[in-house]
Amino acid sequence: MNGHYEPRNVRWTDRKTQARNKRNTRILLVDGVAMSLAEAVERFAVNRTSIMRAVRGSILHKKNREKLAGHSIIIGAQATELLPNMDSKS
């Protein structure tokens, strides 16, 4: 909803969720599902650098390559074009 701060237009979240709900959060499409870079790091148990290397097609360490194998990861303008309008949250 858009509007003034009032009880029906505000929701409380934990610190982690709030930190990921910012304009500068890097959004990825992982297997067609939108998530933040931080969420992808948690999901695959790899570091941010490994995710970014996978996106760019760079060489990964064997264990990280195995964790990310078979997954489609898109970032940046490509992901943004495929996402619905993020401003119209329900």
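Note on the stretch 55-64: residues that are among the polar types (S, T, N, Q) and surrounded by 12 or more Cβ atoms within 10 Å (Cβ to Cβ) total 1. Considering the conditions (1) over 21 Å from the mean Cα position of the chain (by Cα); (2) under 24 Å from ALA69 (Cα atoms), VAL10 is excluded by exactly one of them, (2). Pairs linking a residue in the stretch 30-44 that is in a strand (DSSP E or B) to a residue that is aliphatic (A, V, I, L, M) and surrounded by fewer than 16 Cβ atoms within 10 Å (Cβ to Cβ), with Cβ atoms under 6 Å and 6 or more positions apart or on different chains, are ALA34/LEU83. Does the stretch 1-29 hold any residues that are among the aliphatic types (A, V, I, L, M) and either touching a helix residue (DSSP H, G or I) at 6+ places or on another chain (Cβ under 9 Å) or in a strand (DSSP E or B) (or both), and which are they? Within the stretch 1-29, MET1, ALA19, ILE27, LEU28, LEU29 meet the criteria. Only residues that are small (Gly, Ala, Ser), surrounded by 12 or more Cβ atoms within 10 Å (Cβ to Cβ) and at pLDDT 85 or above were counted in the stretch 1-54, giving 6.
The values are calculated or read from the model by the stated rules, or taken from the named source; none is laboratory data. What you are looking at is a predicted structure, and each value in this text was computed from that prediction instead of being measured. Every residue, glycine among them, receives a Cβ derived from its backbone with ideal geometry; neighbour counts consider all protein chains shown.
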